[in-house]
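Notes follow once the structure below has been shown.
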Amino acid sequence: MSTEVKTTTCYMCACRCGIRVHLRDGEVRYIEGNPAHPLNKGVICAKGASGIMKQKSPARLTRPLRRKAGAERGAGAFEPISWDEAFAMLEKRLAAMRATDPKKFALFTGRDQMQALTGLFARQFGTPNYAAHGGFCSVNMAAGLIYTIGGSFWEFGGPDLERAKLFVMLGTAEDHHSNPLKIAISKFKRDGGRFISVNPVRTGYSAIADEWVPIRPGTDGALLLALNHELIAQGLYDREFVARYTNGGQLVVTDPASARHGLLAVDEDVEPDNPLYPQNQLWWDRHSGRAVLSHTPGADPRLFGSYRLADGTRVQPAFQLLAERVQPHTPEWAEGITGIPAATIRRLAHEMGVTARDEKIELPIAWTDCWGNEHQTVIGNPVAFHAMRGLAAHSNGFQTVRALGILMSLLGTIDRPGGFRHKAPFPRAIPPSAKTPTGPEGVQPGKPLAGLALGWPGSPEDLFVDADGKPVRIDKGFSWEYPLSVHGLMHNVITNAWRGDPYRLDTLMIFMANMAWNSTMNTDEVRRMLNDKGADGEYRIPFLVVCDAFQSEMTAFADLVLPDTTYLERHDVMSMLDRPISEFDGPVDSVRIPVVPPKGECKPFQEVLIELASRLKLPAFVDAGGARKYRDYPDFIVRHETEPGSGIGFLAGWRGADGSKALLGEPNPRQWEMYEKNNCVFRYELAPSYRYMRNWNRGYMEWAQRMRLRRYGEPILVHLYSEVLQKFRLAAQGKWPGRRPPPELAQRVATHFDPLPFYSAPLETLATDLEKYPLAAITQRPMAMYHSWDSQNAWLRQIHAHNYLFVNPRTAQDAGIADGAWMWVESQWGKVRCMGRHSEAVEPGTVWTWNAIGKSPGAWALAPDANEFTKGFILNHLISDTLPGDTSNSDPVTGQAGWYDVRVRIYPQ
Ligand code: SF4
């Protein structure tokens, strides 16, 4: 008998904890947390420890499968084929599309951790039709904060609970950022910190908060506006921070007759060094009483007032406009919307403001700001926040998240000790400089895409539309319908492809996404569309390729199934080019290294892409003579550079011929080995003077440019006022000199591209008879299951094999529903039978359940009488991707799916 222990990285959820896998005679026997790993420090959760059962699942796919000739999609009638046949079939099909119309091929992926590779493949192929899961997950959280503070939560940044005194969590699932956040909260509470959770449901983190503040779903924007109102009304904002580090002191042209109305006033005699991020905006200096260049030495901006420039143009500080915006949004106003008593809102604002002001931290770290001012210390205002999908997944979520970014900024907590801190490669410029092509000419037969498939528009000129303003992407991303859809709109793909709107696809490749069940907003309709044929008898979506490790609901609809490996069977990278595991104090990336061989004929999806890219001779994957460049995925990871000689690859650690370089350096053939010897993690510690205030820290900026983490070195002022949004609004109002939206979308853009945050009810709420459907219904994933990933896991199924609808006892009694009884929950889109549980942990106006516990009969190799089929349910049957009037159930700014906006009624069975 031989035993050994191997280190790798967990993937039972997206947190990326380090694990030690114990093997006996090559078989996984036990998985524990790796104490030497910086992320989880030895902690493991129920999911992580249950990885062993993933290996043993009877639902594993082990051979490539082709739908049997004559069998209907969805019937699950397949025949095994060899990889050679599968590759030959794909090569022929993809080569033909690439040579004629690359956009006929679409690649959409779920919660994978290889978007740098999938994105590279799509770009090299030449298709614009690529995205991962972000659009139906939390793009509003990413976009809302990145367009405001240059960073966001989770992989991009987070709460500094080491030093915070007050921690406020909003709209976060039971386990988001699981082990790392649990470890941090545990220490924070032991150290005496106060933890407030704002959430419609009191489970998970909310259950251990010192104060639970229940809120009506979709109304967080009103709460945040009222908190901003109170901080300004009470003078509890950090004036110095607002004046120097945000655009609050910058002057906005407020003259409706001016072509620059709503844009920042600039000194046109000063040449901006970088037209993308010009630095010639103006302050009204309170010392000299005149307009001066922003950040002029010795000047101090007025934050309030109304002024005239020398040419008579009326201008006002952006902060004045913000104050005017939030002025009517009193706690009393918000109480009527959120259900939170005005006195509570006032108390919370006071507590945040006073903690930030009176419990300041001062660290003896000298640093120099971007304007050359030397600071002897770093100051921190110890109020920290964390927020996620509960704020994001509403059709009003972008502006809600903007309001949160502004609250964090008024409190002076951005990249400061005890507040929010960035993680490399953030902060990014606002907006980041990566862009998509701007028209259909960016898609050419036989050529890579002329830009990225996903980017960060800064003005209407950056949209990816044709001359008539019509979308180029199948999901209509970066069009006037969803201008800032920075993560794409996976939830639109099947519906649009089925409709042929804006065009038909030939091949849709789906990786790791259960689009026929829980990863779609209208499950029944999508299943019908996947099976639907046109008048010619052909499927409307002609060819469906599904790559997954398990037999999910989605695989049954495939024409070709590619069996993926599990995370224990493959190489993988958590790359700085993608979503690394950086810490506040510096860049960190990590890898997975196989601990067991692939089961059957399983092949990692990365290998599939490398093989296809080589066969198709995509330029980045072949040499000048067209010969295959990379043997396999591990070889690609070691040798690929973003440009020849750039010194930047997928991994930042142990670069250089001998592994002595960090972040930048020539390829190192022994890089995998070095990661393996170091717990599969590479950590780089920033010099102390580069660790804080990174939006405005000259030393950090210069270092980040040298390391090519940042392209430009301009300071990143917080956008209290969003000039980017105003440019789109001007276009909608017919006042922008460039592109304009189609007339039918002009009002929608003008409304939602408000440069200051505002509250409007979610679109679905406005389109629902609230008398008939009075209750909000939401889902969250449970702590012990990551969406549908562990539907087949024998250990985790002992914790959750079916779900309930949790209902406040008062609501349930009013509806005549006994605890544990069968009942109906119904929306305007459909109804589903479920079991109800009475729960005091949810407010009377809301009902909720766990996501993706209920299953479709026949899937996941479960027994025919499995509880998942007979007792479980999914709420998706009640949700729609389209609202009355054929508008999308998505945020009009980012396209974020409005998952949590549905309204329901309940009644006994
Ligand atoms: S939180 Fe649990 S499941 Fe997620 S990566 Fe860590 S150990 Fe694995």
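The values are calculated or read from the model by the stated rules, or taken from the named source; none is laboratory data. These figures come from a predicted structure and were not determined experimentally. In this analysis, Cβ positions are derived from the backbone assuming ideal geometry, glycine residues included, and neighbour counts consider all displayed protein chains. Heavy atoms of the whole protein, side chains included, go into the accessibility calculation; ligands, DNA and RNA do not. Shrake-Rupley method; radii C 1.70, N 1.55, O 1.52, S 1.80 Å.
Does at least one position in the stretch 774-783 carry a residue that is out of contact with any helix residue (DSSP H, G or I) (no Cβ under 7 Å at 6 or more places or on another chain), open to solvent by 40 Å² or more (accessible area, probe 1.4 Å) and either assigned to a loop (DSSP other than H, G, I, E, B) or over 30 Å from GLY51 (Cβ atoms) (or both)? Scanning the stretch 774-783, I find at least one residue that is out of contact with any helix residue (DSSP H, G or I) (no Cβ under 7 Å at 6 or more places or on another chain), open to solvent by 40 Å² or more (accessible area, probe 1.4 Å) and either assigned to a loop (DSSP other than H, G, I, E, B) or over 30 Å from GLY51 (Cβ atoms) (or both), so the answer is yes. Restricting attention to the stretch 295-317 and to residues that are in a loop (DSSP other than H, G, I, E, B) and touching a residue at least 60 places away in the same chain (Cβ under 8 Å), the residue that is most open to solvent (accessible area, probe 1.4 Å) turns out to be PRO297.
Among the residues of the stretch 286-313, which ones are among the charged types (D, E, K, R) and under 39 Å from the mean Cα position of the chain (by Cα)? Within the stretch 286-313, ASP300, ARG302 meet the criteria.
When the stretch 2-29 is limited to residues that are on the phi > 0 side of the Ramachandran plot and either of a type outside the set (Lys, Arg) or not in a loop (DSSP other than H, G, I, E, B) (or both), the one that is nearest to the ligand (Cβ to nearest atom) turns out to be GLY26. Only residues that are within 16 Å of the ligand (Cβ to nearest atom) and either in contact with a Lys or Arg (Cβ under 7 Å, 6 or more places away or on another chain) or farther than 21 Å from ARG781 by Cα (or both): list them for the stretch 159-173, please. Residue satisfying the conditions is ALA173 alone. Cβ-Cβ distances below 8 Å connect the following pairs, each with a first residue in the stretch 729-745 that is free of Cβ contacts under 8 Å to residues at least 60 places away in the same chain and closer than 15 Å to LEU484 by Cβ, a second residue that is of a type in the set (Gly, Ala, Ser) and open to solvent by less than 40 Å² (accessible area, probe 1.4 Å), and a separation of six or more residues or different chains: ALA732/ALA746; ALA732/ALA750. Restrict the check to the stretch 418-430 and report whether at least one residue is aromatic (Phe, Trp, Tyr) and not in a loop (DSSP other than H, G, I, E, B). Scanning the stretch 418-430, I find at least one residue that is aromatic (Phe, Trp, Tyr) and not in a loop (DSSP other than H, G, I, E, B), so the answer is yes. The residue that is nearest to LEU107 (Cα to Cα), counting only those in the stretch 131-148 that are over 8 Å from the mean Cα position of the chain (by Cα) and hydroxyl-bearing (Ser, Thr, Tyr), is TYR147. Of all residues in the stretch 198-216, those that are of a type in the set (Ser, Thr, Tyr) have Cβ atoms under 7 Å from Cβ atoms of residues that are open to solvent by 30 Å² or more (accessible area, probe 1.4 Å), 6 or more apart or on another chain, in SER206/TRP212.
The set of residues in the stretch 176-227 being within 16 Å of the ligand (Cβ to nearest atom), open to solvent by 20 Å² or more (accessible area, probe 1.4 Å) and among the hydrophobic types (A, V, I, L, M, F, W, C) consists of ILE183, ALA184.
Restricting GLU666, GLU685 to residues that are part of a loop (DSSP other than H, G, I, E, B), open to solvent by 10 Å² or more (accessible area, probe 1.4 Å) and farther than 29 Å from GLN124 by Cβ narrows the list to GLU685. Candidates GLU601, GLU643, GLU607: the one that is not aliphatic (A, V, I, L, M) and not in a loop (DSSP other than H, G, I, E, B) is GLU607.
Taking the conditions (1) under 24 Å from ALA46 (Cα atoms); (2) open to solvent by 20 Å² or more (accessible area, probe 1.4 Å) in turn, PHE156 satisfies each one other than (1). In the stretch 817-840, the qualifying residues are those that are small (Gly, Ala, Ser) and in contact with a Phe, Trp or Tyr (Cβ under 7 Å, 6 or more places away or on another chain), and the one that is surrounded by the fewest Cβ atoms within 10 Å (Cβ to Cβ) is SER839.
The listed residues are GLY872, GLY836, and the only one of them that is modelled with pLDDT of 95 or more, in a strand (DSSP E or B), at negative phi and small (Gly, Ala, Ser) turns out to be GLY836.
Scanning the stretch 509-535 for residues that are in a loop (DSSP other than H, G, I, E, B), crowded, with 21+ Cβ neighbours inside 10 Å and modelled with pLDDT of 90 or more yields MET512, ALA513, ASN514, MET515, ALA516, TRP517.
What are the residues in the stretch 464-478 that are small (Gly, Ala, Ser) and buried (at least 24 other Cβ atoms within 10 Å of the Cβ), if any? GLY477 - this is the single residue of the stretch 464-478 that is small (Gly, Ala, Ser) and buried (at least 24 other Cβ atoms within 10 Å of the Cβ).
Being β-branched (Val, Ile, Thr), assigned to a helix (DSSP H, G or I), more than 16 Å from the ligand (Cβ to nearest atom) and open to solvent by 10 Å² or more (accessible area, probe 1.4 Å) is a description that applies to ILE232.
State yes or no: is ALA801 at pLDDT below 95 and either surrounded by fewer than 22 Cβ atoms within 10 Å (Cβ to Cβ) or over 28 Å from the mean Cα position of the chain (by Cα) (or both)? Judged against the criteria, ALA801 is a match. Set side by side, the residues ALA233, ALA207, ALA257, ALA265 differ, and just one is small (Gly, Ala, Ser) and within 32 Å of the chain's Cα centre (by Cα), which is ALA207.
Restricted to helices (runs of 4 or more DSSP H) entirely inside the stretch 32-115, those with at least 2 residues that are within 16 Å of the ligand (Cβ to nearest atom) are 46-49, 51-55. The single condition among (1) outside any helix (DSSP H, G or I); (2) open to solvent by 10 Å² or more (accessible area, probe 1.4 Å) that GLY390 does not satisfy is (1). Of everything in the stretch 250-289 that's without any contact (Cβ under 8 Å) to a residue 24 or more places away in the chain and among the polar types (S, T, N, Q), which residue is nearest to ALA310 (Cα to Cα)? Step by step, filter the stretch 250-289, then rank; the result is SER288. Take the residues in the stretch 582-599 that are in contact with a Pro (Cβ under 8 Å, 6 or more places away or on another chain) and open to solvent by 10 Å² or more (accessible area, probe 1.4 Å), then tell me which one is farthest from PRO688 (Cα to Cα). For the stretch 582-599, the residue satisfying everything is PRO598. Checking each residue in the stretch 645-661 for being open to solvent by 30 Å² or more (accessible area, probe 1.4 Å) and either under 30 Å from the mean Cα position of the chain (by Cα) or at pLDDT below 95 (or both) picks out only TRP654. Annotation for the stretch 521-528: no member residue is under 25 Å from PRO741 (Cα atoms) and either in contact with a Leu (Cβ under 6 Å, 6 or more places away or on another chain) or hydroxyl-bearing (Ser, Thr, Tyr) (or both). Could you tell me which residue of the stretch 412-448 is most open to solvent (accessible area, probe 1.4 Å), considering only residues that are more than 21 Å from GLY699 (Cβ to Cβ) and among the basic types (Lys, Arg)? For the stretch 412-448, the residue satisfying everything is LYS447.
Cβ-Cβ below 8 Å, separation at least six or inter-chain, first residue in the stretch 145-169 and among the basic types (Lys, Arg), second open to solvent by 10 Å² or more (accessible area, probe 1.4 Å): which pairs? Note: pairs meeting the criteria are ARG163/ILE361; LYS165/GLY193; LYS165/ARG194; LYS165/THR355; LYS165/GLU359.
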